[in-house]
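*Asks:* Take a look at this one; I'll ask things after.
The values are calculated or read from the model by the stated rules, or taken from the named source; none is laboratory data. For clarity, every value in this text was computed on a predicted model and none was experimentally measured. Every residue, glycine as well, gets a Cβ built from its backbone with ideal geometry; the counts of neighbours run over all protein chains shown. Side chains included, ligands, DNA and RNA excluded: accessible areas come from the protein's heavy atoms. Shrake-Rupley method; radii C 1.70, N 1.55, O 1.52, S 1.80 Å.
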Amino acid sequence: MKTLARALAGVALLFATAAFAQQTPPSAAMPKTDPGRESFRALYKELVETNTTASVGSCTLAAERMAAHLKAAGFPDSDLTIFSVPEYPKNGGLVAVLPGKDPKAKAVLMLAHLDVVEAKREDWTRDPFTLVEEGGYFYARGSSDDKAQAAIWVDNLVRYKTEGFKPRRTIKMALTCGEEGGGPFNGASWLVKNRKDLIDAEFALNEGAGGQLDDHGKRMAHTIEAGEKTSQSFTLEVTNPGGHSSRPVPDNAIYRLADALEKIRAYEFPVMINDANRAYLSGMAKIEGGARGQAMTALVANPKDAQADALLSKDPGLHTMLRTTCVATMLSGGHAQNALPQRATANINCRIFPGVSRDEVRNKLMEVIGDPQVQVSQVRVAREGEAPAPPLTPQVMGPIEKVSAEMWPGIPVIPILQAGATDGKALTAGGIPTYGVSGLFFEPDLGRIHGLNERIGVQSLYEGREFLYRLVKLYADQPGA
Ligand SMILES: [Zn+2]
């Protein structure tokens, strides 16, 4: 029965990946037989189906379940640390260590977050907390962000241990909670501040970049994060004496707020070019060519080229990589149907370009609004620490380019400025340079992360697994590490 089931599963898998593969040719470097693939898929399924939302989930439970896989693979308790704080028992995490042979060599850290963004069953086509494999994709909340990489990291350690791999450097893994900002506790920041000894490393690998597919599933580039924007929210607040709604007056808190939002909506921060987006635009200009390629080259040469900016900014991914952005994400106002509103507030989430301060952005918002009755205040800083982007040294880039060329020959490795924010910021600021690298290829919709019906290509997941397995091994045995 088991063998028949296994054969049937194999055929189903074949069909599923076939759908994805029709568009994206499989990597020729994938091992012909992969005995560990089924146990990886089971581990990934277990992790995805462990609800880790801030509202009802438990990262601590997910961490315990992943630790159980490591124990079963032979990790002693002394190399596994489940951590949490009394105030937030469900926001815990796991640090695991595979000791290296060379005590002088500094460790390499694999970082991933366990928590996921909320998801409502009624909004999704399928249950967001059940892993569904369909049409060449895995569907579920966290299937991409970030349980693909978290599961691959755990699986890496299981494989290395099972193979008896004795690395030169110590290999560490940290699975943390709170990256999505759903709760008050951020595990990565806490580890940096309170248990840096556990995670200390020469550098860390994290989410934040991956392979880029075009609309037809063609591999365009393999991006590596070379910096990220800062996420910072601001509250706009208007108060008003209010009154009876049967006697409306021109000055109304909701209308005043709406006017302010209109102005923010119409305002565009100026184009800025730094090493990260210059490298990306220059690299993609060669790949894409055509009008977009020319515009990329033109904008790098002259950031004030409005025509080039207008053409490229039609693409939300490029628009946000070129500047600071601020957008309204939440709104509330009024206290009764039959009363004039006394208070109206909105949340503006900004993604700040590296090198621009939070205060500069707040001042710009106040200037654009131009209404002293609209209070602009900074929301609690989710992730402490500001740090320049970690340098893309040959020691870091060399192995990435080597394994990427093995897996996807001819696909250029290109640095990218990440518009989203990750926990890498806290670690880099804490002295552990953190690089966004995953080997996971995504379509232009980025796997619909944070949105409805999040998914990842089945083939993309398995190839990313092979890429990261080889990459971390290379780093761990790097000479002179
Ligand atoms: Zn994430």
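*Asks:* Starting from residues that are farther than 12 Å from THR235 by Cα and in contact with a strand residue (DSSP E or B) (Cβ under 6 Å, 6 or more places away or on another chain), keep the ones in the range 343-356 and report whichever is modelled with the highest pLDDT. Give the steps one after another, and end with the answer.
*Replies:* Of the range 343-356, the ones farther than 12 Å from THR235 by Cα are 343, 351-356.
Among the residues that remain, those that are also in contact with a strand residue (DSSP E or B) (Cβ under 6 Å, 6 or more places away or on another chain) are: 343, 351-352, 354.
Working: ARG343: 97, ARG351: 94, ILE352: 93, PRO354: 90.
Here the answer is ARG343.
*Asks:* Would you pick out the residues in the range 206-224 that are open to solvent by less than 10 Å² (accessible area, probe 1.4 Å) and more than 18 Å from TRP408 (Cβ to Cβ)?
*Replies:* Of everything in the range 206-224, just one residue is open to solvent by less than 10 Å² (accessible area, probe 1.4 Å) and more than 18 Å from TRP408 (Cβ to Cβ), namely ASN206.
*Asks:* Can you name the residue in the range 167-186 that is open to solvent by 30 Å² or more (accessible area, probe 1.4 Å) and more than 21 Å from LEU157 (Cβ to Cβ) and, of all such residues, is farthest from the ligand (Cβ to nearest atom)?
*Replies:* Taking the candidates together, the pick is PRO184.
*Asks:* Restrict the check to the range 187-198 and report whether at least one residue is crowded, with 24+ Cβ neighbours inside 10 Å, in contact (Cβ under 8 Å) with a residue 60 or more places away in the chain and part of a loop (DSSP other than H, G, I, E, B).
*Replies:* Taking every residue of the range 187-198 in turn, none turns out to be crowded, with 24+ Cβ neighbours inside 10 Å, in contact (Cβ under 8 Å) with a residue 60 or more places away in the chain and part of a loop (DSSP other than H, G, I, E, B).
*Asks:* Tell me the residue from LYS263, LYS286, LYS304 that is assigned to a loop (DSSP other than H, G, I, E, B) and either more than 26 Å from THR223 (Cβ to Cβ) or over 26 Å from the mean Cα position of the chain (by Cα) (or both), please. Can you show your working first?
*Replies:* On the way: LYS263 fails: assigned to a loop (DSSP other than H, G, I, E, B); LYS286 fails: assigned to a loop (DSSP other than H, G, I, E, B).
After ruling out the rest, the residue left standing is LYS304.
*Asks:* Could I ask something else about it? Tell me which residues, restricted to the range 321-346, are open to solvent by 30 Å² or more (accessible area, probe 1.4 Å) and under 27 Å from the mean Cα position of the chain (by Cα).
*Replies:* If the condition is that a residue be open to solvent by 30 Å² or more (accessible area, probe 1.4 Å) and under 27 Å from the mean Cα position of the chain (by Cα), then VAL327, ALA328, THR329, MET330, LEU331 are the ones that fit.
Rundown of residues vs (1) among the hydrophobic types (A, V, I, L, M, F, W, C); (2) without any contact (Cβ under 8 Å) to a residue 60 or more places away in the chain, yes/no style:
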position	(1), (2)
GLY57	no, yes
ALA68	yes, yes
PRO76	no, yes
PRO89	no, yes
GLY100	no, no
PRO103	no, yes
GLY136	no, no
ASP145	no, no
VAL158	yes, no
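*Asks:* Let me spell it out: the conditions are (1) loosely packed, with under 15 Cβ neighbours inside 10 Å; (2) of a type in the set (Val, Ile, Thr); (3) at pLDDT 95 or above, and THR33 meets all of them except one. Which number is the exception?
*Replies:* Here THR33 clears every test but (3).
*Asks:* What's the total number of residues in the range 103-156 that are within 14 Å of the ligand (Cβ to nearest atom), of a type in the set (S, T, N, Q) and assigned to a loop (DSSP other than H, G, I, E, B)?
*Replies:* Going through the range 103-156 one residue at a time, the tally reaches 2.
*Asks:* List, please: which pairs have Cβ atoms under 9 Å, are six or more places apart or on different chains, and start with a residue in the range 225-253 that is within 19 Å of ASN277 (Cβ to Cβ) and end with one that is basic (Lys, Arg) and part of a loop (DSSP other than H, G, I, E, B)?
*Replies:* THR230/ARG383; SER231/ARG383
*Asks:* Considering only the range 191-205, I want to know if a residue exists there that is under 23 Å from GLY283 (Cβ atoms) and not assigned by TED's automatic domain parsing to the domain that holds PRO354. Spell out how you get there, then give the answer.
*Replies:* First pass over the range 191-205, keeping only residues under 23 Å from GLY283 (Cβ atoms): 203, 205.
If we keep only those that are not assigned by TED's automatic domain parsing to the domain that holds PRO354 too, we end up with 203, 205.
There is at least one residue in the range 191-205 that is under 23 Å from GLY283 (Cβ atoms) and not assigned by TED's automatic domain parsing to the domain that holds PRO354.
*Asks:* Does ASP445 satisfy being within 16 Å of the ligand (Cβ to nearest atom), in contact with a His (Cβ under 7 Å, 6 or more places away or on another chain) and among the charged types (D, E, K, R)?
*Replies:* Values: within 16 Å of the ligand (Cβ to nearest atom): yes; in contact with a His (Cβ under 7 Å, 6 or more places away or on another chain): no; among the charged types (D, E, K, R): yes.
Answer is no for this residue.
*Asks:* Please work out which one of (1) closer than 30 Å to GLY57 by Cβ; (2) assigned to a loop (DSSP other than H, G, I, E, B) is the condition PHE234 fails and give its number.
*Replies:* (2)
*Asks:* Here is a check on your reading of the model: is LYS90 farther than 19 Å from ASN206 by Cα, open to solvent by 60 Å² or more (accessible area, probe 1.4 Å), assigned by TED's automatic domain parsing to the domain that holds GLY208 and not small (Gly, Ala, Ser)? Steps first, please.
*Replies:* Working: farther than 19 Å from ASN206 by Cα: yes; open to solvent by 60 Å² or more (accessible area, probe 1.4 Å): yes; assigned by TED's automatic domain parsing to the domain that holds GLY208: yes; not small (Gly, Ala, Ser): yes.
Judged against the criteria, LYS90 is a match.
*Asks:* Also: If you check VAL56 against the conditions, is it out of contact with any helix residue (DSSP H, G or I) (no Cβ under 8 Å at 6 or more places or on another chain) and in the same structural domain as THR176 (by TED's automatic domain parsing)?
*Replies:* Details: out of contact with any helix residue (DSSP H, G or I) (no Cβ under 8 Å at 6 or more places or on another chain): yes; in the same structural domain as THR176 (by TED's automatic domain parsing): yes.
Spelling it out, VAL56 is indeed out of contact with any helix residue (DSSP H, G or I) (no Cβ under 8 Å at 6 or more places or on another chain) and in the same structural domain as THR176 (by TED's automatic domain parsing).
*Asks:* Just checking, which of GLU262, GLU202, GLU207, GLU225 is within 22 Å of GLN375 (Cα to Cα) and among the charged types (D, E, K, R)? Outline the logic, then answer.
*Replies:* Values: GLU202 fails: within 22 Å of GLN375 (Cα to Cα); GLU207 fails: within 22 Å of GLN375 (Cα to Cα); GLU225 fails: within 22 Å of GLN375 (Cα to Cα).
After applying the criteria, what remains is GLU262.
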